[in-house]
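Read the figures in this text as sums done on the coordinates, not as results from a lab. All figures in this text were calculated on a predicted structure; none of them were measured in a lab. Quick reminder, even Gly has a Cβ in these numbers, built from the backbone with ideal geometry, and neighbours come from all protein chains shown.
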Amino acid sequence: EKGGFEHFMLKEIFEQPQTIFDSFRGRLDAEQHRITLSGLDAIQDRLLAARRIIIVACGTSWHAGLLAEYLIEELCRINVEVEYASEFRYRNPIVGPEDVIIAVSQSGETADTLVALENAKQQGATIFGVVNVVGSSIARMADAGAYTHAGPEIGVASTKAFTAQVIVLQLFALKLALLKGTISNDRFSKLVEGLHAVPSQVEWILTNELENIKAIAAKYKDASDFLYLGRGYNFPIALEGALKLKEISYIHAEGYPAAEMKHGPIALVDETLPVVFVATKDPYYDKIISNMQEIKARKGRLIAVVSEGDEVGATLAEDVMVVPEVDEIIAPLLSVIPLQLLSYYIGIERGVDVDKPRNLAKSVTVE
Ligand code: M6R
């Protein structure tokens, strides 16, 4: 059942070239440069008239939601809020018929997300579900949606469900941008072609970086804390990298926007602290390099996810994990892969039951 892998988590990490492809199937046409999302068509009028989009989720799904905020605001020019379901439901939020809510959930059964949606629906909002489990409670209560098609995810730590959520939200943002006229045909076509190449690029990382990442895991396994830093589209990936490490290795980890570190967390940096930078080539690249220099000057142990061919980043960091260079909008799909593997191997090094880490449940159906 684990398909020859030692754990479901590793199997699910390795399934991603396929699950990403499955999430495209019937939706992304890279030759005709077309995206088909019937769930979006079903609520098209409400989306085009929406005052704002509110994304509601928990945990890793919330990180996919945060990425979607960046994407939808940039590509569609619609105001987006991202909410922790548990906070959103209890604080008497202002919601009405002009709002579209995107619910992101692997299980479709997370109690706080479900109740938050029910409340918003009662106040007239339209609910769009980005859900993995077909026929789950959230899928059934949504007005429309797009399934993530990642297949059953058994490992408690979400991996393939996350990348599938990101794909669906990217398709959603691109399609909506085209309908709104907020993206040029040229950029749209380039991104469609870029997405099409992702499964083979993920495969490339899994093949070329595996042994390197295992060695990095063995080297840093005894650290007591980790800091993960990123900017722009890589900021949600820094958060996700830190969450994955906490869950699977029981090492304390924090994710932060790289520039925000100067406002507090930099006080933590000394020669024992591993600092993982998500530093792929994008418009903020120079800024992140200077953040890396700041950490190095304070003797932090620099680990970085860098784009292939980036000599500067590679020289600056003590250890690097390499990913192919792609558009910044697509980059998170690649930069998350080494971080999933790093957590997995650190967890294994520390003897954690990675598929069932302590105190955690696959789906949180209590409030
Ligand atoms: O099923 P959901 O996507 O609604 O679950 C949300 C979170 O409970 C989930 O992502 C959790 O954070 C994972 N253990 C992360 O790996």
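In a shell of Cβ-Cβ distance under 11 Å around Lys175, excluding Lys175 itself, what net charge do Lys and Arg (+1) and Asp and Glu (-1) give?
Numbers: positive: Arg27, Arg34, Lys180; negative: Asp41.
After counting each charged neighbour, the total is +2.
Give a residue-ordered list of calculated ³J(HN,Hα) values for the stretch 264-270 (Karplus: 6.51 cos²θ - 1.76 cosθ + 1.60, θ = phi - 60°; whole Hz; x for Gly, Pro).
x, x, 4, 5, 6, 6, 8
I want the local charge near Glu109. Using Cβ-Cβ distances under 15 Å, sum +1 for each Lys or Arg and -1 for each Asp or Glu among the other residues.
Values: positive: Arg140, Lys362; negative: Asp112, Glu118, Glu153, Glu367.
Within the 15 Å Cβ shell, the charges total -2.
Given a cut-off of under 8 Å on Cα pairs at least six residues apart, what relative contact order in percent is computed for the chain? Provide the component values of the computation, followed by the final result.
Details: 728 pairs, mean separation 69.6, N = 367.
About 19 percent, as a whole number.
Among Ser136, Ala258, Ile329, flag the residue with its Cα farthest along the positive direction of the charge dipole of the chain, charges on Cβ as +1 for Lys/Arg and -1 for Asp/Glu.
Ser136
Quick check: pseudo-label points 7 Å beyond the Cα along Cα→Cβ at Gln122 and Arg298, how many nm apart are they?
Reported label-point gap for Gln122 and Arg298 is 4.7 nm.
Considering only DSSP states other than H, G, I, E and B, which trypsin sites (Lys or Arg not before Pro) in the stretch 277-367 qualify as loop sites with at most 11 other Cβ atoms within 10 Å?
Working: sites: Lys281, Lys287, Lys296, Arg298, Lys299, Arg301, Arg350, Arg358, Lys362; in loops: Lys281, Arg298, Lys299, Arg350, Arg358, Lys362.
Passing sites in the stretch 277-367 are Arg358.
Grab the Cα-Cα distance for Thr315 and Glu367, subtract it from 0.36 nm times how many residues apart they are, and report the gain in nm with one decimal. The partial results should precede the final answer.
Values: separation 52, 0.36 × 52 = 18.72 nm, distance 4.69 nm.
Roughly 14.0 nm would be gained on extension.
For the cross-link pairs Lys214/Lys262; Lys11/Lys356; Lys160/Lys287; Lys262/Lys287; Lys11/Lys362; Lys244/Lys356, which exceed 20 Å when the distance is taken from alpha carbon to alpha carbon? Please report the intermediate quantities before stating the final value.
Numbers: Lys214/Lys262 31 Å; Lys11/Lys356 14 Å; Lys160/Lys287 30 Å; Lys262/Lys287 13 Å; Lys11/Lys362 16 Å; Lys244/Lys356 13 Å.
Check vs 20 Å cut-off fails for Lys214/Lys262; Lys160/Lys287.
Give me the angle, in degrees from 0 to 90, between the Cα long axis of helix 111-122 and the longest principal axis of the Cα atoms of the chain, rounded to the nearest 10.
30
Quick one: putting +1 on the C-beta of Lys and Arg, -1 on the C-beta of Asp and Glu, what dipole do you get for the stretch 138-188 around its Cα centre, in Debye to the nearest 20? All intermediate terms of the calculation are to be shown ahead of the outcome.
Working: 5 positive and 3 negative charges, 16 e Å.
Using Cβ point charges on Lys, Arg, Asp and Glu, the stretch 138-188 gives about 80 debye.
So how tilted is helix 285-297 from the main axis of the chain? Cα-based, degrees 0 to 90, rounded to 10.
40
Using Cα atoms only, what is the angle between the long axis of helix 210-220 and the major principal axis of the chain, expressed in degrees (0 to 90) to the nearest 10?
Orientation of helix 210-220: about 70 degrees from the principal axis.
Using a cut-off of 12 Å between beta-carbons, work out the net charge of the residues near Asp270 (Lys and Arg +1, Asp and Glu -1, Asp270 not included). Numbers along the way, then the final one.
Numbers: positive: Arg298, Lys299, Arg301; negative: Asp225, Glu271.
The answer is +1.
Roughly how far apart, in whole Å, are the Cα centres of the stretch 134-184 and the stretch 52-112?
So the separation of the two Cα centres works out to 12 Å.
In the chain, if the dipole is taken from +1 on Lys/Arg beta carbons and -1 on Asp/Glu beta carbons about the Cα centre, which of Leu67, Leu47, Thr272 is farthest to the positive end?
Sorting the options by dipole projection puts first Leu47.
HN-Hα J couplings of the stretch 352-367 from phi, Karplus 6.51/-1.76/1.60, θ = phi - 60°, integer Hz, Gly and Pro as x?
7, 6, 4, 6, 9, x, 4, 6, 10, 10, 5, 9, 8, 9, 10, 8
Relative contact order, percent, of the stretch 1-157 when contacts are C-alpha pairs under 8 Å separated by at least 6 residues? Intermediate values should be presented prior to the final figure.
Details: 253 pairs, mean separation 37.5, N = 157.
The value is 24 percent.
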